[in-house]
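S.K.: First the structure, which I've put down as C-alpha coordinates, then a few questions once you've had a look.
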Amino acid sequence: MDLMSPPLSLRDNGFSMVTPEPLGTEQENLETLREELKAWKQRVAEAENVKADLLLSKACAEEECAKAQEELMKLKDLKKIDQKDSSIFRDTLEDQLPLLHRENTELEKAIENLKEDLEEHSSVQALNTQIQKEVAEMKLKFGHMEGTNHYSDVDTHCVFDAATRIPFSLNQNQALLTFEDEGVAQRLTEKGKHTVDLDNNVVDVRAVPVPLEMGFKFRLHVIISGRKINVSDIPELPIPDDWMRDKLELNFYKTQQGGGGEIEDVSYDSGSRTAVITFLRPGASNIFGGSAQYPFFVGGRCYKLSVSSHAYLELEKFQPYWGVSKKTILLKGIQEVEEDEESIQDMIEIHFQKPSNGGGEIEKIKYVSKEAAYVCFEEDTKNAS
(Lines give C-alpha, C1' and ligand atoms only; values in the text may rest on other atoms or scores of the structure.)
Protein backbone atom coordinates (compact mmCIF):
# COMPACT_ATOMS: atom_id res chain seq x y z
CA MET A 1 0.00 0.00 0.00
CA ASP A 2 1.30 3.44 -0.92
CA LEU A 3 0.60 5.84 1.96
CA MET A 4 1.40 8.87 -0.20
CA SER A 5 -1.44 8.16 -2.61
CA PRO A 6 -4.85 9.62 -1.93
CA PRO A 7 -7.11 7.39 0.08
CA LEU A 8 -9.46 5.23 -1.81
CA SER A 9 -13.15 5.31 -1.41
CA LEU A 10 -14.70 2.94 1.03
CA ARG A 11 -16.13 1.04 -1.83
CA ASP A 12 -12.69 0.64 -3.38
CA ASN A 13 -11.33 -0.70 -0.08
CA GLY A 14 -14.01 -3.26 0.29
CA PHE A 15 -16.40 -1.09 2.20
CA SER A 16 -19.63 0.51 1.22
CA MET A 17 -21.90 2.97 2.91
CA VAL A 18 -25.08 1.24 3.47
CA THR A 19 -28.10 3.37 4.04
CA PRO A 20 -29.97 1.76 6.73
CA GLU A 21 -33.20 0.52 5.58
CA PRO A 22 -36.03 1.80 7.49
CA LEU A 23 -37.06 -1.72 8.26
CA GLY A 24 -33.58 -2.72 9.78
CA THR A 25 -33.06 -3.03 13.44
CA GLU A 26 -30.64 -1.04 15.57
CA GLN A 27 -28.71 -4.19 16.45
CA GLU A 28 -27.93 -4.88 12.84
CA ASN A 29 -26.60 -1.36 12.37
CA LEU A 30 -24.31 -1.73 15.34
CA GLU A 31 -22.81 -4.93 13.99
CA THR A 32 -22.13 -3.30 10.69
CA LEU A 33 -20.29 -0.42 12.33
CA ARG A 34 -18.21 -2.84 14.37
CA GLU A 35 -17.10 -4.66 11.24
CA GLU A 36 -16.13 -1.39 9.63
CA LEU A 37 -14.13 -0.34 12.72
CA LYS A 38 -12.33 -3.64 12.75
CA ALA A 39 -11.38 -3.21 9.09
CA TRP A 40 -10.08 0.30 9.74
CA LYS A 41 -7.97 -0.93 12.68
CA GLN A 42 -6.48 -3.63 10.50
CA ARG A 43 -5.65 -1.05 7.84
CA VAL A 44 -3.99 1.22 10.45
CA ALA A 45 -1.87 -1.73 11.70
CA GLU A 46 -0.74 -2.50 8.18
CA ALA A 47 0.14 1.16 7.67
CA GLU A 48 2.19 1.13 10.91
CA ASN A 49 4.09 -1.93 9.73
CA VAL A 50 4.88 -0.25 6.42
CA LYS A 51 6.00 2.86 8.28
CA ALA A 52 8.34 0.80 10.52
CA ASP A 53 9.83 -0.91 7.46
CA LEU A 54 10.43 2.45 5.80
CA LEU A 55 12.07 3.86 8.93
CA LEU A 56 14.37 0.78 9.13
CA SER A 57 15.28 1.13 5.44
CA LYS A 58 16.03 4.80 5.98
CA ALA A 59 18.32 4.03 8.92
CA CYS A 60 20.17 1.39 6.89
CA ALA A 61 20.50 3.78 3.96
CA GLU A 62 21.87 6.51 6.22
CA GLU A 63 24.39 4.03 7.70
CA GLU A 64 25.53 2.92 4.22
CA CYS A 65 25.78 6.55 3.18
CA ALA A 66 27.99 7.31 6.19
CA LYS A 67 30.26 4.36 5.33
CA ALA A 68 30.42 5.49 1.72
CA GLN A 69 31.35 8.99 2.85
CA GLU A 70 34.07 7.55 5.07
CA GLU A 71 35.47 5.39 2.23
CA LEU A 72 35.39 8.39 -0.06
CA MET A 73 37.44 10.40 2.42
CA LYS A 74 39.96 7.56 2.70
CA LEU A 75 40.25 7.34 -1.08
CA LYS A 76 40.81 11.09 -1.27
CA ASP A 77 43.53 10.83 1.38
CA LEU A 78 45.18 7.95 -0.50
CA LYS A 79 45.01 9.93 -3.71
CA LYS A 80 46.75 12.83 -2.01
CA ILE A 81 49.43 10.47 -0.64
CA ASP A 82 49.92 8.88 -4.07
CA GLN A 83 50.21 12.27 -5.70
CA LYS A 84 52.73 13.32 -3.07
CA ASP A 85 54.74 10.08 -3.50
CA SER A 86 54.64 10.45 -7.26
CA SER A 87 55.89 13.99 -6.97
CA ILE A 88 58.70 12.92 -4.64
CA PHE A 89 59.60 9.98 -6.94
CA ARG A 90 59.60 12.25 -9.98
CA ASP A 91 61.79 14.79 -8.17
CA THR A 92 64.13 11.98 -7.08
CA LEU A 93 64.41 10.68 -10.64
CA GLU A 94 65.12 14.15 -11.92
CA ASP A 95 67.83 14.52 -9.28
CA GLN A 96 69.31 11.10 -10.15
CA LEU A 97 69.22 11.62 -13.90
CA PRO A 98 72.55 13.53 -14.05
CA LEU A 99 74.10 10.89 -11.80
CA LEU A 100 72.83 8.13 -14.09
CA HIS A 101 74.26 9.93 -17.11
CA ARG A 102 77.59 10.21 -15.33
CA GLU A 103 77.55 6.57 -14.35
CA ASN A 104 76.67 5.64 -17.92
CA THR A 105 79.66 7.61 -19.17
CA GLU A 106 81.91 5.89 -16.62
CA LEU A 107 80.56 2.50 -17.65
CA GLU A 108 81.30 3.24 -21.29
CA LYS A 109 84.87 4.14 -20.31
CA ALA A 110 85.08 0.95 -18.25
CA ILE A 111 83.89 -1.06 -21.26
CA GLU A 112 86.61 0.49 -23.39
CA ASN A 113 89.19 -0.34 -20.72
CA LEU A 114 87.88 -3.90 -20.55
CA LYS A 115 88.21 -4.19 -24.31
CA GLU A 116 91.82 -3.06 -24.06
CA ASP A 117 92.40 -5.49 -21.19
CA LEU A 118 90.79 -8.24 -23.26
CA GLU A 119 93.15 -7.56 -26.14
CA GLU A 120 96.08 -7.59 -23.74
CA HIS A 121 94.75 -10.75 -22.11
CA SER A 122 94.46 -12.37 -25.53
CA SER A 123 98.11 -11.69 -26.20
CA VAL A 124 99.01 -12.96 -22.74
CA GLN A 125 96.84 -16.01 -23.33
CA ALA A 126 98.69 -16.67 -26.57
CA LEU A 127 101.95 -16.44 -24.65
CA ASN A 128 100.55 -18.76 -21.98
CA THR A 129 99.58 -21.22 -24.69
CA GLN A 130 103.13 -21.10 -25.99
CA ILE A 131 104.40 -21.56 -22.44
CA GLN A 132 102.12 -24.55 -21.93
CA LYS A 133 103.34 -26.03 -25.18
CA GLU A 134 106.95 -25.55 -24.21
CA VAL A 135 106.42 -26.87 -20.69
CA ALA A 136 104.57 -29.91 -22.01
CA GLU A 137 107.51 -30.78 -24.25
CA MET A 138 110.22 -30.43 -21.62
CA LYS A 139 111.72 -33.13 -19.44
CA LEU A 140 111.86 -32.83 -15.68
CA LYS A 141 115.14 -33.45 -13.92
CA PHE A 142 114.87 -34.91 -10.46
CA GLY A 143 116.58 -32.59 -8.03
CA HIS A 144 116.27 -33.98 -4.52
CA MET A 145 113.93 -35.16 -1.81
CA GLU A 146 112.77 -32.61 0.73
CA GLY A 147 112.76 -33.26 4.45
CA THR A 148 109.57 -33.69 6.46
CA ASN A 149 109.91 -30.63 8.67
CA HIS A 150 107.08 -28.77 6.92
CA TYR A 151 105.16 -31.73 5.52
CA SER A 152 103.34 -34.73 6.93
CA ASP A 153 105.61 -37.70 7.59
CA VAL A 154 103.32 -39.84 5.40
CA ASP A 155 103.70 -37.56 2.36
CA THR A 156 106.48 -37.83 -0.22
CA HIS A 157 108.00 -34.51 -1.27
CA CYS A 158 110.10 -34.43 -4.45
CA VAL A 159 111.75 -31.45 -6.11
CA PHE A 160 112.25 -31.28 -9.88
CA ASP A 161 114.15 -28.70 -11.93
CA ALA A 162 113.03 -28.08 -15.48
CA ALA A 163 113.99 -25.91 -18.42
CA THR A 164 112.59 -25.82 -21.93
CA ARG A 165 114.62 -27.18 -24.80
CA ILE A 166 115.05 -24.30 -27.25
CA PRO A 167 115.23 -25.33 -30.93
CA PHE A 168 117.93 -23.84 -33.15
CA SER A 169 118.19 -24.14 -36.94
CA LEU A 170 121.63 -25.23 -38.14
CA ASN A 171 122.02 -24.37 -41.81
CA GLN A 172 124.14 -25.98 -44.56
CA ASN A 173 127.94 -25.85 -44.06
CA GLN A 174 127.66 -24.74 -40.45
CA ALA A 175 128.76 -26.32 -37.19
CA LEU A 176 127.86 -25.97 -33.51
CA LEU A 177 130.51 -26.58 -30.86
CA THR A 178 129.71 -26.76 -27.14
CA PHE A 179 132.71 -26.43 -24.80
CA GLU A 180 133.04 -27.49 -21.19
CA ASP A 181 134.44 -24.07 -20.29
CA GLU A 182 132.33 -21.08 -21.24
CA GLY A 183 135.48 -18.94 -21.25
CA VAL A 184 136.70 -20.89 -24.31
CA ALA A 185 133.53 -20.10 -26.22
CA GLN A 186 133.78 -16.42 -25.34
CA ARG A 187 137.45 -16.28 -26.38
CA LEU A 188 136.77 -17.90 -29.77
CA THR A 189 133.84 -15.61 -30.59
CA GLU A 190 135.86 -12.54 -29.62
CA LYS A 191 138.59 -13.57 -32.07
CA GLY A 192 135.98 -14.10 -34.77
CA LYS A 193 138.01 -15.42 -37.75
CA HIS A 194 139.76 -18.81 -37.56
CA THR A 195 141.85 -20.73 -40.08
CA VAL A 196 141.16 -24.45 -40.06
CA ASP A 197 143.07 -27.22 -41.89
CA LEU A 198 140.55 -29.69 -43.33
CA ASP A 199 142.70 -32.46 -44.81
CA ASN A 200 145.20 -30.11 -46.45
CA ASN A 201 142.40 -27.73 -47.40
CA VAL A 202 142.86 -24.53 -45.45
CA VAL A 203 139.56 -22.72 -44.93
CA ASP A 204 138.63 -19.58 -43.05
CA VAL A 205 135.60 -19.80 -40.79
CA ARG A 206 133.90 -17.32 -38.47
CA ALA A 207 132.96 -18.11 -34.88
CA VAL A 208 129.88 -16.19 -33.77
CA PRO A 209 127.65 -16.35 -30.67
CA VAL A 210 124.49 -18.46 -30.83
CA PRO A 211 121.34 -16.34 -30.29
CA LEU A 212 118.50 -18.32 -28.78
CA GLU A 213 114.76 -17.73 -28.58
CA MET A 214 112.92 -17.39 -25.29
CA GLY A 215 112.84 -20.39 -22.97
CA PHE A 216 111.46 -21.04 -19.51
CA LYS A 217 112.82 -22.60 -16.37
CA PHE A 218 111.22 -23.41 -13.04
CA ARG A 219 111.35 -25.63 -9.99
CA LEU A 220 108.47 -28.00 -9.33
CA HIS A 221 107.61 -29.29 -5.88
CA VAL A 222 105.56 -32.50 -5.99
CA ILE A 223 103.97 -33.62 -2.72
CA ILE A 224 102.43 -37.10 -3.00
CA SER A 225 99.80 -37.60 -0.32
CA GLY A 226 100.09 -40.60 1.96
CA ARG A 227 96.37 -40.60 2.79
CA LYS A 228 94.61 -39.57 -0.45
CA ILE A 229 94.06 -41.24 -3.80
CA ASN A 230 92.43 -40.07 -7.04
CA VAL A 231 89.72 -42.27 -8.54
CA SER A 232 88.47 -41.84 -12.12
CA ASP A 233 86.38 -43.71 -14.71
CA ILE A 234 83.57 -44.11 -12.17
CA PRO A 235 80.58 -45.61 -14.01
CA GLU A 236 77.42 -43.57 -14.61
CA LEU A 237 74.70 -45.17 -12.49
CA PRO A 238 71.08 -44.03 -11.93
CA ILE A 239 71.61 -43.45 -8.21
CA PRO A 240 71.95 -40.27 -6.10
CA ASP A 241 75.40 -38.85 -5.42
CA ASP A 242 75.14 -39.69 -1.71
CA TRP A 243 74.61 -43.36 -2.57
CA MET A 244 77.59 -43.33 -4.91
CA ARG A 245 79.79 -41.86 -2.17
CA ASP A 246 78.63 -44.56 0.24
CA LYS A 247 79.35 -47.32 -2.29
CA LEU A 248 82.83 -45.92 -3.01
CA GLU A 249 83.57 -45.68 0.70
CA LEU A 250 82.44 -49.25 1.31
CA ASN A 251 84.33 -50.58 -1.72
CA PHE A 252 87.69 -48.98 -0.82
CA TYR A 253 87.27 -49.76 2.87
CA LYS A 254 87.10 -53.54 2.41
CA THR A 255 90.37 -55.08 3.58
CA GLN A 256 89.69 -58.46 2.02
CA GLN A 257 89.97 -56.80 -1.39
CA GLY A 258 93.13 -54.95 -0.54
CA GLY A 259 91.33 -51.83 0.68
CA GLY A 260 92.85 -49.04 2.70
CA GLY A 261 90.73 -49.38 5.81
CA GLU A 262 88.90 -46.60 7.65
CA ILE A 263 87.95 -43.70 5.34
CA GLU A 264 87.78 -40.12 6.54
CA ASP A 265 86.16 -38.46 3.51
CA VAL A 266 84.95 -39.16 -0.03
CA SER A 267 84.76 -36.18 -2.41
CA TYR A 268 82.76 -37.24 -5.47
CA ASP A 269 82.16 -35.23 -8.68
CA SER A 270 79.41 -36.75 -10.80
CA GLY A 271 80.16 -34.43 -13.73
CA SER A 272 83.72 -35.63 -14.26
CA ARG A 273 83.01 -39.08 -12.74
CA THR A 274 85.99 -38.69 -10.42
CA ALA A 275 86.52 -38.82 -6.67
CA VAL A 276 89.18 -38.08 -4.07
CA ILE A 277 89.23 -40.57 -1.20
CA THR A 278 90.95 -39.67 2.07
CA PHE A 279 91.89 -42.51 4.41
CA LEU A 280 92.17 -42.16 8.14
CA ARG A 281 95.30 -44.27 8.47
CA PRO A 282 98.60 -42.60 7.46
CA GLY A 283 100.28 -44.30 4.53
CA ALA A 284 97.08 -46.05 3.41
CA SER A 285 97.36 -44.63 -0.12
CA ASN A 286 100.61 -46.58 -0.66
CA ILE A 287 98.54 -49.75 -0.91
CA PHE A 288 97.22 -48.59 -4.28
CA GLY A 289 100.57 -47.49 -5.68
CA GLY A 290 101.22 -50.74 -7.54
CA SER A 291 97.85 -51.02 -9.29
CA ALA A 292 96.31 -48.53 -11.70
CA GLN A 293 93.02 -50.48 -11.82
CA TYR A 294 90.81 -51.32 -8.86
CA PRO A 295 87.59 -53.42 -8.84
CA PHE A 296 84.32 -51.69 -8.01
CA PHE A 297 81.38 -53.94 -7.18
CA VAL A 298 77.91 -52.42 -7.48
CA GLY A 299 74.56 -53.69 -8.68
CA GLY A 300 75.86 -57.20 -9.17
CA ARG A 301 78.52 -56.02 -11.62
CA CYS A 302 82.26 -55.41 -11.36
CA TYR A 303 83.71 -52.24 -12.87
CA LYS A 304 87.36 -51.23 -13.17
CA LEU A 305 88.26 -47.88 -11.65
CA SER A 306 91.45 -45.98 -12.46
CA VAL A 307 93.41 -45.19 -9.29
CA SER A 308 96.34 -42.78 -9.05
CA SER A 309 98.26 -40.93 -6.37
CA HIS A 310 96.92 -37.63 -5.16
CA ALA A 311 99.65 -35.03 -5.57
CA TYR A 312 99.97 -31.33 -4.75
CA LEU A 313 102.00 -29.35 -7.28
CA GLU A 314 103.74 -26.13 -6.38
CA LEU A 315 105.55 -24.09 -9.03
CA GLU A 316 108.54 -22.08 -7.84
CA LYS A 317 110.98 -19.71 -9.52
CA PHE A 318 109.19 -19.74 -12.87
CA GLN A 319 111.02 -17.31 -15.13
CA PRO A 320 111.74 -16.81 -18.82
CA TYR A 321 115.28 -16.65 -20.13
CA TRP A 322 116.76 -15.72 -23.46
CA GLY A 323 119.96 -14.39 -24.95
CA VAL A 324 123.04 -16.19 -26.26
CA SER A 325 124.53 -19.52 -25.34
CA LYS A 326 127.35 -19.34 -22.82
CA LYS A 327 129.22 -22.45 -23.92
CA THR A 328 128.26 -22.92 -27.59
CA ILE A 329 129.60 -21.17 -30.70
CA LEU A 330 128.41 -21.24 -34.30
CA LEU A 331 130.96 -21.76 -37.12
CA LYS A 332 129.98 -20.20 -40.45
CA GLY A 333 131.59 -20.26 -43.89
CA ILE A 334 132.86 -23.86 -43.87
CA GLN A 335 133.71 -24.64 -47.49
CA GLU A 336 132.74 -27.97 -49.03
CA VAL A 337 135.55 -30.48 -49.45
CA GLU A 338 135.71 -34.02 -50.78
CA GLU A 339 135.79 -35.61 -47.35
CA ASP A 340 132.59 -37.01 -45.87
CA GLU A 341 130.62 -35.12 -43.23
CA GLU A 342 131.80 -37.24 -40.29
CA SER A 343 135.48 -36.80 -41.20
CA ILE A 344 135.11 -33.02 -41.50
CA GLN A 345 133.38 -32.94 -38.11
CA ASP A 346 136.30 -34.84 -36.57
CA MET A 347 138.81 -32.42 -38.12
CA ILE A 348 136.88 -29.39 -36.76
CA GLU A 349 136.76 -30.98 -33.32
CA ILE A 350 140.49 -31.71 -33.31
CA HIS A 351 141.33 -28.14 -34.32
CA PHE A 352 139.18 -26.42 -31.67
CA GLN A 353 140.24 -28.79 -28.89
CA LYS A 354 143.86 -27.60 -29.10
CA PRO A 355 144.73 -24.88 -26.58
CA SER A 356 147.23 -23.54 -29.13
CA ASN A 357 144.30 -22.63 -31.35
CA GLY A 358 142.49 -20.98 -28.43
CA GLY A 359 140.23 -24.01 -27.94
CA GLY A 360 139.45 -26.46 -25.13
CA GLU A 361 137.54 -29.62 -24.25
CA ILE A 362 134.41 -30.06 -26.40
CA GLU A 363 131.25 -31.58 -24.95
CA LYS A 364 129.23 -31.75 -28.19
CA ILE A 365 129.73 -30.96 -31.87
CA LYS A 366 127.25 -30.98 -34.75
CA TYR A 367 128.19 -30.30 -38.40
CA VAL A 368 125.88 -30.38 -41.45
CA SER A 369 127.17 -30.10 -45.02
CA LYS A 370 124.07 -30.52 -47.18
CA GLU A 371 120.74 -30.22 -45.37
CA ALA A 372 119.68 -27.99 -42.50
CA ALA A 373 119.09 -29.58 -39.11
CA TYR A 374 117.51 -28.63 -35.81
CA VAL A 375 119.29 -28.92 -32.51
CA CYS A 376 117.85 -28.19 -29.05
CA PHE A 377 119.44 -26.16 -26.29
CA GLU A 378 118.64 -26.42 -22.62
CA GLU A 379 119.27 -23.56 -20.22
CA ASP A 380 122.75 -22.37 -21.10
CA THR A 381 122.40 -18.68 -21.83
CA LYS A 382 123.52 -15.31 -20.63
CA ASN A 383 120.69 -12.81 -20.72
CA ALA A 384 120.94 -10.51 -23.67
CA SER A 385 118.84 -7.74 -22.12
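S.K.: For a quick check of understanding: with a 1.4 angstrom probe and all protein chains in place, what accessible area in square angstrom does K304 have, to the nearest ten?
M.R.: Probe radius 1.4 Å; accessible area of K304 about 120 Å².
S.K.: Once you list every other residue whose beta carbon is under 14 Å from the beta carbon of L99, what net charge do they have if Lys and Arg are +1 and Asp and Glu are -1?
M.R.: Combined, the nearby Lys, Arg, Asp and Glu give -4.
S.K.: Additional query: Test of understanding: what is the full-extension gain from S309 to T195, defined as 0.36 nm times their sequence separation minus their Cα-Cα distance?
M.R.: So the extension gain works out to 35.2 nm.
S.K.: To make sure I understand the rule: partners must be aspartates and glutamates, Cα under 20 Å from the Cα of K109, and not fewer than 8 residues away in the same chain. Which ones qualify?
M.R.: Correct list for K109: D117, E119, E120.
S.K.: Tell me, rounded to the nearest percent, the portion of alpha carbon pairs in the stretch 209-303 spaced more than 24 Å apart.
M.R.: Pairs farther apart than 24 Å: 32 percent.
S.K.: Something else: By per-residue mean of other Cβ atoms within 10 Å, what is the highest-first order of 72-81, 348-357?
M.R.: Listed from highest to lowest mean packing, they are 348-357, 72-81.
S.K.: What does the net charge come to around S309 if you take all other residues with beta carbon closer than 13 Å to its beta carbon, with K and R at +1 and D and E at -1?
M.R.: +1
S.K.: Another one. Could you list log10 I(q)/I(0) for the stretch 167-231 at q = 0.20, 0.27 Å⁻¹, which the Debye formula gives when each Cα is one point scatterer?
M.R.: Log-scaled intensity ratios, in q order: -1.02, -1.30.
S.K.: Within the set of other residues whose C-beta is less than 9 Å from the C-beta of F318, count the net charge using Lys and Arg as +1 and Asp and Glu as -1.
M.R.: Summing Lys/Arg as +1 and Asp/Glu as -1 gives +2.
S.K.: Pairs K228/K317; K317/K364; K317/K370; K191/K366; K217/K370; K38/K58: which are spaced more than 32 Å apart, C-alpha to C-alpha?
M.R.: Distance filter (> 32 Å) returns K317/K370; K217/K370.
S.K.: What percent of all Cα-Cα pairs in the stretch 245-354 falls into each 5 Å bin, going from 0 up to the bin containing the maximum distance?
M.R.: 2, 8, 14, 15, 9, 4, 4, 4, 4, 5, 6, 7, 9, 7, 3, 0
The values are calculated or read from the model by the stated rules, or taken from the named source; none is laboratory data. Since this is a predicted model, take the numbers as computed values, not measurements. When we count neighbours, we look across all protein chains shown, and the Cβ atoms used for this are built from the backbone with ideal geometry, even at glycine. Ligands, DNA and RNA are excluded from the accessible area calculation, which covers all protein heavy atoms including side chains. Shrake-Rupley method; radii C 1.70, N 1.55, O 1.52, S 1.80 Å.
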